[in-house]
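Q: My questions will all concern the structure given below.
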Amino acid sequence: MLTDPDVGKACTKCGQVKPLEEYGRNRTRPGGLNCWCKGCAREYNRAYRAANRERARESNRAYRAANRERVSESNRAYYAANRERRRAQKRAWQATVKYGMSAFLREHLVGLQDSSCAICRSPFDRMATKHIHTDHDHSCCPGRDGSCGKCVRGILCRSCNLILGHYESRGLSGWAEADAYLADPPYPRMLAALEHGEAISVWLPERAA
């Protein structure tokens, strides 16, 4: 089979000539590369795992148990190199699993809020992901760590989310921005507009100077 650094290498599975970067490393093979391209290897592994799900899980558990430090180091390196991707995955998980709304709707809402807190207007790009919170009406889902999806109100910074909880639970008043937010939260307004095919204009208070 063809193996030429200037041309590429022919995959023994699909027969296509591909750049050497398309092959995984394998020190036991001539040339130090696998004979199958990465695409064919992924497809084979995917099919194998589907047909041998429990066996694959047990193999993964055994490997992780025998190589704890190596796995931990690999995970740390991956997280460091894919920080933004991991943040996006976390936001998607929180939106769909914890708060009952699609990741698309959450990102759409953030955009309509000008990527800022719906109360104080602090920009989200200056915050860590863990300081950006999905606010919902806790009276709708008492004792639940999350929301049913129907009571989501908007996206807030950590400070406003914490203070708003005390503000509501104690029946306080006088916080103009919070009162306006609670009277007409952006997420329900956005859903109503989408349902009726109307132009969406989410209310936001004026940004503090």
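The values are calculated or read from the model by the stated rules, or taken from the named source; none is laboratory data. Fair warning: this is a prediction, and the values are worked out from it, not measured in the lab. Note that we place each Cβ from the backbone using ideal geometry, even for glycine, and neighbour counts take in every protein chain shown.
Q: What pairs come up if the first residue lies in segment 60-73 and is of a type in the set (A, V, I, L, M), the second is not in a loop (DSSP other than H, G, I, E, B), and their beta carbons are under 6 Å apart, counting only those six or more places apart or on different chains?
A: Sorted first by the residue in segment 60-73, then by its partner, the pairs are Val71/Arg64.
Table: residues versus (1) part of a helix (DSSP H, G or I); (2) under 20 Å from His108 (Cα atoms).
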position: Thr134; (1), (2): no, yes
position: Cys140; (1), (2): no, no
position: Ser147; (1), (2): no, yes
position: Ser159; (1), (2): yes, no
position: His166; (1), (2): yes, no
position: Gly171; (1), (2): no, no
position: Ala178; (1), (2): yes, no
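Q: Related question: What helices (runs of 4 or more DSSP H) lie completely within segment 7-89 and have 1 or more residues being farther than 30 Å from Val110 by Cβ and of a type in the set (Val, Ile, Thr)?
A: 68-81
Q: Evaluate the following for Ala103: is it surrounded by 11 or more Cβ atoms within 10 Å (Cβ to Cβ), free of Cβ contacts under 8 Å to residues at least 40 places away in the same chain and assigned by TED's automatic domain parsing to the domain that holds Met190?
A: For Ala103, the condition - surrounded by 11 or more Cβ atoms within 10 Å (Cβ to Cβ), free of Cβ contacts under 8 Å to residues at least 40 places away in the same chain and assigned by TED's automatic domain parsing to the domain that holds Met190 - is met.
Q: Still on this structure, please answer the following. Taking the conditions exactly as written (in contact with a strand residue (DSSP E or B) (Cβ under 6 Å, 6 or more places away or on another chain) and either surrounded by fewer than 14 Cβ atoms within 10 Å (Cβ to Cβ) or not charged (D, E, K, R) (or both)), does His138 satisfy them or not?
A: Answer is no for this residue.
Q: Output yes when any residue across segment 19-33 is among the aliphatic types (A, V, I, L, M) and loosely packed, with under 12 Cβ neighbours inside 10 Å, and no when none is. Walk me through it before giving the result.
A: Taking segment 19-33 as the starting set, the residues that turn out to be among the aliphatic types (A, V, I, L, M) are 20, 33.
Add one more test, that the residue is loosely packed, with under 12 Cβ neighbours inside 10 Å, and what stays is none.
So far as segment 19-33 goes, no, none of its residues is among the aliphatic types (A, V, I, L, M) and loosely packed, with under 12 Cβ neighbours inside 10 Å.
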